[in-house]
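Notes for the one structure printed next.
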Amino acid sequence: MSRTVSSWILSSARNSVVLQGKGRLYSIYIPNRNKIKWKLIFSKTRLYPAGSCSLDSTFSLRKAFRHTSTEEEHFSFQLSPSQINDILRAGELSHKILDLNGKNANSVLRFESNQLASNTPIEDRRSAATCLQTKGMMFGVFDGHAGSACAQAVSERLLHYIAVSLLSRQTLEEIELAVECMKPVLPILQWHKHPNDVEYREITSQYFENLRVYWQHLLDLDTEPGFSLEEAMVCAFKRLDSDISLEVQAPQESELMRNIALQVAFSGATACVAHVDGVHLHVANTGDCRAILGVHEEDGTWSTLPLTRDHNAFDEFEIRRLKREHPRSEEKTLFVNDRLLGILMPSRAFGDVQLKWSKELQHSILENSCDVEALNIYQYVPPNYHTPPYLTAEPEVTYHKLRSKDKFLIIASDGLWELLSNEKVVKLVAGHLTELNVQKPQLAFEKPVNLGYMRSLLLQRKNRGNASLDQNIATHLIRHAIGSNEYGEVDQEKLAAMLTLPEDLARMYRDDITVTVVYFNSETIENYYRNN
């Protein structure tokens, strides 16, 4: 009996992959009226339908037929439009800012977000919150690597560190007094979460205690804390990364808490956080997540304004920074194969203590730990590891004063940017806005509606086809990122194929994708300039 194979691959007809076991797996392109049909061909081996996002328990293979002359089985991975939508829309999150009697003074109109996993579990995280003690809203995207632990911890904690950095001395003193007297503490953030968002409940108390130590440090300063926003974001990023490093070195109350601290410190995460307060936009970035603005110019065209730089081996500023920080003898070994020390793509990140600690400290921590292999932690010191730290979590902060022509902000993990350019993303969001406006039901008309007008509306809808429009713009972007063909159109068969890739192969074709789009209130921004 042939051996069961639990993975298969999607590639071009020119490539084939021989699996461990009997048989070969490859794919073919079947042209059909300018469309690409995606089929997987599997030879002489039983197919085990393990799919990402537990697709194996939800969706069945719609068509399989045998060519008896070649003993090859052709499997066409077909998902219905509703099944595709169920997968793509599972992580949707949206929030509209309340408009009180038409006096919405918030420059944020609404935000929409979504995620699509490639890794199992997904290593990306996202956060969104309204600051309750200060003005503004914060939005974060966090791209984890070597597991999800660090991204999870940073997504739970970083916005709190930023918010605390912005509090006045009086507010910090009130909060500290409440904790000392065991009274309720003033809430700092109002979170906007997806129902499936998880958190480390087992370690929440320790996270709070370390946050408290941070605000006590701020109170010990001789002067009023009063950080500028840029200073607050930089200080928060660096302090949280320091706490992550110290927590794994300190004694823990339980083995569970010890294991979480280990996994957080030895995995890593890049982070991009935006703070919006009126017309003031600050974006702090560490790593290769990215933030861009969509700008509607006076002539009706759309342009892109990047707010971050990707911190990696392709950025000249990062190369020069690292060369300044390390001896000249290491210039040729800082980046190997476009990776930091030949290991890591981003050159800035939280966690990743194996690129920050000395060899001796790493050995000491891991030697005194339990079965670290069970936690997917492996001690590996790269060659030419001489002058750590090689990695930092210190962010670059960009300030931008919003204008009425700045219509939306897009923050996303590199899984999106690997597949779509900045310009393409802005074009898709702008087009989506136009489509939504066209499809809005007309509940009232200033003028009587004639049959000609109604006929034109019906023709517009017919010309757009029967495909339903994603209400969530992040879903729309993810759909295009993984499903677009060479003409920029969504190919339903390619989309279905990309969504049915098994978890051990999906990562070869796409990364985890997390997208948050923030829409600005142009009227509020215009009023600011009118009144000032």
Review point. Looking at segment 117-142, which of the residues that are under 10 Å from residue 276 (Cα atoms) and part of a loop (DSSP other than H, G, I, E, B) is least open to solvent (accessible area, probe 1.4 Å)?
Key: 136
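In segment 304-345, what count of residues is obtained for those that are assigned to a strand (DSSP E or B) and touching a strand residue (DSSP E or B) at 6+ places or on another chain (Cβ under 7 Å)? Lay out the reasoning, then the answer.
So the first thing to find is which residues in segment 304-345 are assigned to a strand (DSSP E or B), and the list is 304-306, 312, 335-336, 339-340, 344.
From what's left, touching a strand residue (DSSP E or B) at 6+ places or on another chain (Cβ under 7 Å): 304-306, 312.
So the answer is 4.
Give me a count of the residues in segment 365-379 that are more than 16 Å from residue 147 (Cα to Cα) and open to solvent by 50 Å² or more (accessible area, probe 1.4 Å).
Number of matching residues: 4.
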**Study point:** Pick from segment 226-246, criterion part of a helix (DSSP H, G or I) and hydroxyl-bearing (Ser, Thr, Tyr), ranking: surrounded by the fewest Cβ atoms within 10 Å (Cβ to Cβ)
**Key:** 242
Practice item. Would you confirm whether any residue within segment 247-267 is of a type outside the set (A, V, I, L, M), in a helix (DSSP H, G or I), free of Cβ contacts under 8 Å to residues at least 60 places away in the same chain and open to solvent by 20 Å² or more (accessible area, probe 1.4 Å)? Key: no
Check your understanding: In segment 192-225, what count of residues is obtained for those that are open to solvent by less than 70 Å² (accessible area, probe 1.4 Å) and within 25 Å of the chain's Cα centre (by Cα)?
Key -> 8
Practice item. Under 6 Å between Cβ atoms, at least 6 apart or on separate chains: pull out the pairs that start in segment 320-343 with a residue that is of a type in the set (A, V, I, L, M) and end on any residue that is in a helix (DSSP H, G or I). Key: 334/322
Check your understanding: Restricting the search to segment 155-191, which residues are surrounded by 18 or more Cβ atoms within 10 Å (Cβ to Cβ) and not hydrophobic (A, V, I, L, M, F, W, C)?
Key -> 155, 156, 157, 160, 161, 165
Practice item. Filter segment 477-511 for residues that are surrounded by fewer than 22 Cβ atoms within 10 Å (Cβ to Cβ) and in a loop (DSSP other than H, G, I, E, B) and give the result. Key: 485, 486, 487, 488, 489, 491, 502, 507, 508, 509, 510
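Among the residues of segment 94-108 satisfying the criterion of being open to solvent by 90 Å² or more (accessible area, probe 1.4 Å) and in a loop (DSSP other than H, G, I, E, B), which is modelled with the highest pLDDT?
98
The values are calculated or read from the model by the stated rules, or taken from the named source; none is laboratory data. What you see is a predicted model; the values in this text were computed from it and never measured. When we count neighbours, we look across all protein chains shown, and the Cβ atoms used for this are built from the backbone with ideal geometry, even at glycine. Remember, those area values only see protein heavy atoms, side chains included, never the ligands or the DNA or RNA. Shrake-Rupley method; radii C 1.70, N 1.55, O 1.52, S 1.80 Å.
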